[in-house]
Each structure stands twice: as C-alpha cells, then as structure tokens.
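Trainee: Take a look at the following structure, please.
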Amino acid sequence: MITLKTRATKTARTISWSEFKKGKIVEQSRLSFTPTTVIPDVLNDMILMCAQIDPEFKIKMLIPNSFTTASLDFTISGQGFQVTCSRRLVRGLFPFNPIAAECGGNYDVIFSIEATGDLSRQLENAISKHAYEE
C-alpha cells in the first residue's frame, strides 16, 4: 500500500453532491439550486487515471461531506486496484471565509493506493506532481 498526501491547486469540476453520494459523477453548474461539491485537480487526475485503467470503475462513498463539514472520504475501485481518497479543507480561512470550500485549491487530498503489479506505479505517477511531505 502506498499513501500520498497531495496539495490541490484549483477546482477541476463542480459536481452534483447527491449523485456523488450514490457513486456517480454528474457535472453541475455552480449556479445550480441543488447542492454541489467540488473536485480538486489532483482528485480529478486520479479519477481520470482510474477510468483509463478500468472504464467500469466504481466509486463508493465512505463519509460524505455535508453542510457542516467539507471533508469527505470515498473509494475508487476497479480491476486490480482500490484507491481510498480523503479530501480535507486546510486552506482558505474557514470558518471566517464561508465560501472557502468552493475553491478546489483550498484542499489537500490523501490517497491510499492498493494495486497489483504495475498499476500501483501508474496510479502514483498520476498524482506524484502534487505530493508533498510535511
């Protein structure tokens, strides 16, 4: 198992919060009247890499974000791999800035990668440019 802590730099996508809780990624406008959540760039890179490896990949929500917390945990699993993703709001002066959660660059994402063979290296390479140590 490989664990990497990464720093996001921007928002890659805004998606439907209720559909994401069901394991589906549905693009949504920030101007929508339904709840949305942001996918930071580094998290989007991982989702895209998993889709390349296994187009039938599944997302399972472990701990969804809510109106009181921006943190969320979920897994991406496919043929020969499972990636646990933990998104944490660490920048943006929240709670003094109530819209801090709407900016993907305010998040760190922790990935735990379990994969067989060369898949582990592929998944690690997809996000290694964002990795850092404290």
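Trainee: So the check is Cβ under 6 Å with 6+ separation or different chains; which pairs have a first residue in the stretch 72-98 that's farther than 18 Å from residue 36 by Cα and a second one that's surrounded by fewer than 16 Cβ atoms within 10 Å (Cβ to Cβ) and not aliphatic (A, V, I, L, M)?
Mentor: 75/60; 77/58; 78/54; 79/54; 80/116; 84/112
Trainee: Another question about this same structure. Taking the residues in the stretch 79-99 that are more than 14 Å from the chain's Cα centre (by Cα) and surrounded by 18 or more Cβ atoms within 10 Å (Cβ to Cβ) as candidates, determine which candidate is nearest to residue 23 (Cα to Cα).
Mentor: Step by step, filter the stretch 79-99, then rank; the result is 81.
Residue-wise test of (1) farther than 30 Å from residue 117 by Cα; (2) touching a His at 6+ places or on another chain (Cβ under 8 Å); (3) at pLDDT below 95; (4) of a type outside the set (D, E, K, R).
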{"residue": "10", "(1), (2), (3), (4)": "yes, no, no, no"}
{"residue": "33", "(1), (2), (3), (4)": "yes, no, yes, yes"}
{"residue": "36", "(1), (2), (3), (4)": "yes, no, yes, yes"}
{"residue": "45", "(1), (2), (3), (4)": "no, yes, yes, no"}
{"residue": "53", "(1), (2), (3), (4)": "no, no, yes, yes"}
{"residue": "58", "(1), (2), (3), (4)": "no, no, no, no"}
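Trainee: Go through the stretch 63-83 and report how many residues are outside any strand (DSSP E or B) and within 15 Å of residue 123 (Cβ to Cβ).
Mentor: Residues that pass the stated criteria total 2.
Trainee: Take the residues of the stretch 39-56 that are touching a strand residue (DSSP E or B) at 6+ places or on another chain (Cβ under 8 Å) and more than 14 Å from residue 85 (Cα to Cα): which is surrounded by the most Cβ atoms within 10 Å (Cβ to Cβ)?
Mentor: Here the answer is 53.
Trainee: Here is a further query. Of everything in the stretch 115-134 that's surrounded by 11 or more Cβ atoms within 10 Å (Cβ to Cβ) and among the hydroxyl-bearing types (Ser, Thr, Tyr), which residue is farthest from the chain's Cα centre (by Cα)?
Mentor: 120
Trainee: Let me ask something else about it. Could you list, in sequence order, the residues of the stretch 100-114 that are surrounded by fewer than 18 Cβ atoms within 10 Å (Cβ to Cβ) and within 15 Å of the chain's Cα centre (by Cα)?
Mentor: Scanning the stretch 100-114 gives 102, 103, 105, 110, 112.
The values are calculated or read from the model by the stated rules, or taken from the named source; none is laboratory data. Owing to the predicted nature of the structure, the values given are computational and were not obtained by experimental measurement. A quick note on method: Cβ atoms are made from the backbone with ideal geometry, for glycine too, and the neighbour counts reach across all protein chains shown.
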